[in-house]
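Colleague: Just dropping this structure here.
The values are calculated or read from the model by the stated rules, or taken from the named source; none is laboratory data. Fair warning: this is a prediction, and the values are worked out from it, not measured in the lab. A quick note on method: Cβ atoms are made from the backbone with ideal geometry, for glycine too, and the neighbour counts reach across all protein chains shown.
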Amino acid sequence: MTDHILPATDTSTDNNSKQINNDNRAGLNTEPKIAIIGGGLTGLFTATLLERAFLKQQTKSTVNSLAPQITIFEKSRSVGRLATRYRTDSKTNKNWQWAFGAQFFTVKTSSFQQFIAPWLNSELLQPWCAQVVSLTPANVHIQDAQAQDANSPNIERKEQWDTTHARYISTPKMTSWGRVLADNLQHTTIKFKTRVAPINKVQMDSVQDNKAIKTELFDETGSSLGWFDWIICTAPNGQAVELMADSGFTEQAKITEPQMLACYTLMLGWDNLEQLPKTLSNDIQSAWDVAYVNASILDRIFIEHQKPAHDDLLPSVTIHARNDWSEEHVDDDIETVKAQLLAAAQQALNWHNDHAPSQIDCHRWRYAATVIDVKNRSTNEALGILIDTQHQWIASGDWCGQGNIESCYQVAKETVKVLCAS
Ligand SMILES: Cc1cc2nc3c(=O)[nH]c(=O)nc-3n(C[C@H](O)[C@H](O)[C@H](O)COP(=O)(O)OP(=O)(O)OC[C@H]3O[C@@H](n4cnc5c(N)ncnc54)[C@H](O)[C@@H]3O)c2cc1C
């Protein structure tokens, strides 16, 4: 493996730069080609950090190294899949909005804090100082308007998120950050609606004479997507395992180590604030933004229109079901699930028919929460990215970390370090 992608940024010396230049003269003078499968946040962070590593090297070095050619293949029509929002306005003309995947993210390392700083300054990212409560539904069915008070849930203040241990959101939409990350990429092409087909052994061409290891990727119609020096797969592990199944990926067995649990999301919309059930109205003393639900198939309730820079929305509420319940019902009919979640939401939020939501949607996430299998591991530390140096393939994604947005950044950093050192 002598085809250097990028020099090590933190440890690079002039010798490193010369090494790259020599390799180029030896017949490898084409720009390194890197394919990233998946345009979620892991893919976008990886491309961003790769480009930054290249720029850093350019400013340090006296010789011009070739800019990497990065291609992100994304099977859907937009970036940032799990950190996304659901909208109905094209169908209903109503401005409801639900961050139906990730609601917020945490920043626990100084490196990630530094990374997000420019977008915090521009207020694209904002801390969400939510008032958090614990909500226990009354265990009675709603019969009529008089019975309402008896059916009120028990709401207790839990905490208020603050700017010290902040939870951040992207504004005005959860997708805004992904879009900006994508727009800022200089050496990266994003190919939407392109599903990469499973990699098989014959696609890899290890041309030893040239000392180059390259892999050809194909889409699902069998058309070539090109040859690449490195393949970075950021698909969820349930999909990564299929993509790599016949490839001879040396780390294949580890892909399924983290278990991914499902999550159903219920999205509710009301036509105006007056229509909201009392439990949700923010003029009562116990006004809240986020509720952790007890004794229910529901896990958490998020009030979207109370988030920073979301006040132009019609009342919109996102509810995540419990992961264990969602996993148990993952193959159930979606309409049945929706009805069960709606009944649980009505019980938790205690609305009478006059205050029923006018918009109700339900989404099934098959791969939502990462569970680290401590039985198979000596520690409960995250798996880390899976590297096959023989083929120059990496399997990455939030599931290699703790299954959250901060993990996407950590695994992107790990990936760039490997490529820089190769
Ligand atoms: C319900 C829910 C709630 C969550 N809540 C939080 C939270 O509160 N805080 C937090 O930090 N995180 C939360 N998360 C997790 C967070 O959303 C994820 O960690 C993050 O978005 C994962 O990004 P990713 O790029 O690793 O994966 P993904 O977003 O899944 O991106 C992978 C991409 O690969 C694409 N792909 C797959 N196969 C192929 C193929 N063959 N060819 C081309 N493209 C392909 C997919 O279309 C997808 O866009 C939540 C997730 C869910 C589902």
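Colleague: Can Leu243 be described as modelled with pLDDT of 90 or more and assigned to a strand (DSSP E or B)?
Modeller: no
Colleague: To continue, here is another question. Do any residues in the stretch 104-117 that are assigned by TED's automatic domain parsing to the domain that holds Pro308 have Cβ atoms under 6 Å from those of residues that are more than 12 Å from the ligand (Cβ to nearest atom) and at pLDDT 95 or above, where the two are at least six apart or on different chains, and which pairs are they?
Modeller: Taking only residues 6 or more apart or on different chains, the pairs are Val107/Gln113; Ile116/Leu125.
Colleague: Next up: If only one of Thr370, Thr379 is of a type in the set (S, T, N, Q), at pLDDT below 90, over 14 Å from Ala321 (Cβ atoms) and within 16 Å of the ligand (Cβ to nearest atom), which one is it?
Modeller: Unique residue meeting the criteria: Thr370.
Colleague: For residues that are within 16 Å of the ligand (Cβ to nearest atom) and surrounded by 20 or more Cβ atoms within 10 Å (Cβ to Cβ), tally how many sit in the stretch 352-361.
Modeller: 0
Colleague: Next question, about the same structure. Just the residues that are modelled with pLDDT of 90 or more and in contact with a Pro (Cβ under 9 Å, 6 or more places away or on another chain), please, taken from the stretch 74-95.
Modeller: Answer for the stretch 74-95, where residues must be modelled with pLDDT of 90 or more and in contact with a Pro (Cβ under 9 Å, 6 or more places away or on another chain): there is none.
Colleague: Please pick out the residue among Gly238, Gly226, Gly248 that is assigned by TED's automatic domain parsing to the domain that holds Asn200 and assigned to a loop (DSSP other than H, G, I, E, B).
Modeller: Among Gly238, Gly226, Gly248, only Gly248 is assigned by TED's automatic domain parsing to the domain that holds Asn200 and assigned to a loop (DSSP other than H, G, I, E, B).
Colleague: Additional query: In the list Phe249, Phe302, which residue meets the criterion of being in contact (Cβ under 8 Å) with a residue 12 or more places away in the chain and closer than 22 Å to Ile372 by Cα?
Modeller: Phe249
Colleague: Might you let me know whether the stretch 335-347 holds any residue that is crowded, with 18+ Cβ neighbours inside 10 Å, within 21 Å of the chain's Cα centre (by Cα) and within 15 Å of the ligand (Cβ to nearest atom)?
Modeller: no
Colleague: Also, I was wondering about something else. Working only within the stretch 320-354, note down all residues that are out of contact with any strand residue (DSSP E or B) (no Cβ under 6 Å at 6 or more places or on another chain) and small (Gly, Ala, Ser).
Modeller: Once the filter is applied, which keeps residues that are out of contact with any strand residue (DSSP E or B) (no Cβ under 6 Å at 6 or more places or on another chain) and small (Gly, Ala, Ser), the stretch 320-354 yields Ala339, Ala343.
Colleague: Among the numbered conditions (1) touching an Asp or Glu at 6+ places or on another chain (Cβ under 9 Å); (2) surrounded by fewer than 23 Cβ atoms within 10 Å (Cβ to Cβ); (3) of a type in the set (A, V, I, L, M, F, W, C); (4) farther than 21 Å from Thr256 by Cα, tell me where Ile372 comes up short.
Modeller: Among (1) touching an Asp or Glu at 6+ places or on another chain (Cβ under 9 Å); (2) surrounded by fewer than 23 Cβ atoms within 10 Å (Cβ to Cβ); (3) of a type in the set (A, V, I, L, M, F, W, C); (4) farther than 21 Å from Thr256 by Cα, the lone unmet condition for Ile372 is (4).
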